[in-house]
């Protein structure tokens, strides 16, 4: 866990079984398409008030995947 608060939760994943699987199958280029890219849809379906930011993945060759979740800030209608 990198950071945890009421509005954010950040952690790094240092081992990816999906990356290992796609590498073993000889199709590592499909890993991001078939596994990594679904993370945004998953969180959107789980709770649309939470957003995910991820700048790097093990599939891309990084040493870890950086998952950064945060609660979307409500729009202040009085300022609009």
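Would you mention how many residues in the range 17-47 are in a loop (DSSP other than H, G, I, E, B) and touching a residue at least 24 places away in the same chain (Cβ under 8 Å)?
2
Can you find even one residue in the range 64-73 that is within 14 Å of the chain's Cα centre (by Cα), loosely packed, with under 12 Cβ neighbours inside 10 Å and modelled with pLDDT of 95 or more?
no
The values are calculated or read from the model by the stated rules, or taken from the named source; none is laboratory data. Remember, it's a predicted structure, so these values are computed and weren't measured experimentally. We place every Cβ from the backbone using ideal geometry, glycine too, and count neighbours over all the protein chains shown.
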